[in-house]
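Taken together, the values in this text are just the output of simple stated rules run on the coordinates, not laboratory data. In this text the structure is predicted, and so the values were computed from the model without any measurement. In this analysis, Cβ positions are derived from the backbone assuming ideal geometry, glycine residues included, and neighbour counts consider all displayed protein chains.
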């Protein structure tokens, strides 16, 4: 029996970037940036930090979801997703400066001058480190202002900009800090930054107790966004955009001088349903096996037959003979004790197979986290 293999149908994903938008944002939007978690160490405990407990203060390095012991494994993960760049984060990567510098150098050497790297930090680090980061190959840096205070960062922001690093500020937008946020966009004039990114404040497993103390509620039942964060961010964005075109502010009618930097608002739903999904889609496209289907959500679906390694060869030979199935469409997973096969074959022959048959859905990550298991016949593994 000849069979047709359903290939993944990946939709068009890319929106036009905003004028002045940072390259790091553009590539994240496309899902093409490797997320390089250098360290979980951080010198502050911000109450809104969304980091999970298993990452906070972690000494381990992660490339996307993959735990890595060296930069060879990081490079392997970057190749697996066809990364066009890397976002270097933590914790705070400056807390392990030498390791961070090594990572930037390794990635630059491996992938060349077009591989875009940006870094997040909340540390106003030594001024002489700025040229070291630039020489290693860092393209862009984003400062998180502790307590939303600019003054401690003025000199290092200028030093990074003078070193040729595209420099900006990235902070969440707390709905209970309206006056402070409007003051901040004024203070950022003439500092040397090229962009200000405002992230919709999220209530997560890692910060929900602290957010509850501050009285924040979820904006809806769909996302983890804090109520009021989006509305405040949009007002701030509208003020900067109006000034850019010498138009009256929609809130107070005043016409202000241009701010000299780009302001981007990144929503919680876009981070979750946009960036992450697109990164999964990209990795799925790069690593999909012949027997797998890539869904629009960026997951992989296939059929399985549970059996011992001793029985696997006879099952696989019978499938090749009966279904006219190439050997490349069959894979025995020793760890799970199951044969992976095209879902269409599993569904068609499940009732005829004297072994447990199921539909399996996994994330296309290095660990292939299993999301869904649906039995297709009455048999179950022993």
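Some values worked out for this structure:
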quantity: Convex hull of Cα atoms in segment 245-308, direction-averaged projection (nm²); calculated: 8.1 nm²
quantity: Percent of beta bridges antiparallel (DSSP, the chain, rounded to nearest 5); calculated: 50 percent
quantity: Full-extension gain in nm, residue 189 to residue 65, via 0.36 nm per residue minus C-alpha separation; calculated: 40.9 nm
quantity: Virtual spin-label span in nm between residue 320 and residue 344, 7 Å along Cα→Cβ; calculated: 2.1 nm
quantity: 18 Å reach of a label modelled at residue 373, 7 Å along Cα-to-Cβ, counting backbone N of segment 298-319; calculated: 300-309
quantity: Average Cα contact separation per residue, segment 36-168, under 8 Å, 6 or more apart, as relative contact order %; calculated: 22 percent
quantity: Cα-based convex hull, the chain, per residue volume (Å³, whole number); calculated: 165 Å³
quantity: Relative exposure of 61, 177, 371, judged by other C-beta atoms within 10 Å (fewest first); calculated: 371, 177, 61
quantity: Ordering of 33-39, 319-325 by burial proxy (mean other Cβ atoms within 10 Å per residue, highest first); calculated: 33-39, 319-325
quantity: Segment 66-113 - Debye-derived log10 I(q)/I(0), Cα point model, q = 0.15, 0.22, 0.28, 0.32 Å⁻¹; calculated: -0.38, -0.83, -1.27, -1.41
quantity: Selected from 151, 202, 361 as most flexible by GNM, with the chain as the system and alpha-carbon contacts under 10 Å; calculated: 151
quantity: Pair residue 235, residue 155: separation of 7 Å Cα→Cβ label points (nm); calculated: 3.6 nm
quantity: Shape parameters for segment 293-375, alpha-carbon atoms, Rg then Dmax in Å; calculated: 12.3, 36
quantity: Nitroxide proxy distance, nm - points 7 Å out along Cα→Cβ at residue 98 and residue 132; calculated: 1.0 nm
